[in-house]
Amino acid sequence: MIAQIRADVKEKLKHHPKRLRHVLAVEKTAHALARIHQADETETRIAAIYHDTMKYASLSEQLRYLPASEIERFQSAPVMYHALSAAAELEKTYGISDPIILDAIRYHVFGRPHMTLVEKIVFVSDMCEPNRHFLDWKALDQLAQKDLDKAVYEIMIIIASYVEKDDLPLHPLQEEAMKYYKEVCCGQTQKSH
Ligand SMILES: [Fe+2]
Ligand SMILES: [Fe+2]
């Protein structure tokens with residue numbers, strides 16, 4: 001199954017070599033982290049390889065997969081649509097309904113509170129694969145190997161700084177996620193995974 005999905009992703013992204021390099025590297029990084037943190041390797045790899053598949057689909061194509069409630073919920077953060085629609089497409093195309101895989105794809109953009117182990121791994125791998133040379137991906141990867149929650153929080157801060165630099169407001173889910181992982185890292189909230 002993974003081989004077929006990877007082959008299809010290669011075909012879909014054949015005109016976007018940088019993105020293809022990124023998703024293959026995210027798969028590799030996520031796979032290594034799955035081994036370290038004993039997450040399900042197959043779930044992690046499928047989510048990682050598929051997470052950006054809808055990145056270059058038109059907005060109308062992305063929205064076609066989504067219920068009105070989701071379109072409305074993320075109207076102020078349309079970057080979420082490529083993630084939500086990729087999960088929907090994976091489910092439709094391959095009959096994969098495993099919520100662990102689907103949620104890891106759905107919430108890879110800025111995370112959410114109470115992420116599963118696979119969600120956290122895909123979320124951090126998206127930012128600490130070696131093609132992310134504009135940030136200290138190596139340090140983030142090392143942190144993720146040691147303390148996944150801390151890496152999640154560090155990366156949430158980086159992502160929020162990008163949003164704020166563009167003078168955009170944070171989405172409420174992004175704010176909730178940051179608050180939750182700040183508490184997790186400060187030891188005030190029990191880890192859910
Ligand atoms: Fe993405
Ligand atoms: Fe990505």
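Every number in this text was worked out from the coordinates using simple rules, so none of it is lab data. These figures come from a predicted structure and were not determined experimentally. Heads up, the Cβs are rebuilt from the backbone with ideal geometry, glycines too, and the neighbour counts pull from every protein chain shown.
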Loop sites only, by DSSP: take the trypsin sites (Lys or Arg not before Pro) in the chain that have at most 12 other C-beta atoms within 10 Å and name the longest stretch containing none of them. 15-190
Restricting to lysines and to Cα separations under 17 Å from residue 150, and discarding same-chain partners fewer than 8 apart, the set is 120, 138, 179, 182, 191
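Just from its helices, what would the mean residue ellipticity at 222 nm be for the chain, if runs of 4 or more DSSP H residues each count -39500 (n - 2.57) and the sum is divided by every residue, rounded to the nearest 500 deg cm²/dmol?
Values: 11 runs with 130 residues, N = 193.
So the helix-based figure for the chain works out to -21000 deg cm²/dmol.
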Karplus (6.51, -1.76, 1.60) ³J(HN,Hα), θ = phi - 60°, over the stretch 156-164, in Hz, Gly and Pro reported as x: 4, 5, 4, 5, 4, 5, 5, 4, 5
Please report, in debye to the nearest 20, how large the charge dipole of the chain is about its Cα centre when each Lys and Arg carries +1 at its beta carbon and each Asp and Glu carries -1 there. 520
Those chymotrypsin sites (Phe, Trp or Tyr not before Pro) in the stretch 98-151 that DSSP places in a loop and that have at most 13 other beta carbons within 10 Å: 134
Could you tell me which of 62, 113, 174 has its Cα farthest along the dipole of the stretch 2-185 towards the positive end, charges placed at Cβ (Lys, Arg +1; Asp, Glu -1), taken about the Cα centre? 62
From Cα pairs below 8 angstrom and at least 6 apart in sequence, can you work out the relative contact order of the chain, rounded to a whole percent? 20
For the chain, the spread of Cα positions along each principal axis, largest first, Å: 42, 36, 32
The stretch 138-180: chymotrypsin sites (Phe, Trp or Tyr not before Pro) in DSSP loop, at most 11 other beta carbons within 10 Å: none
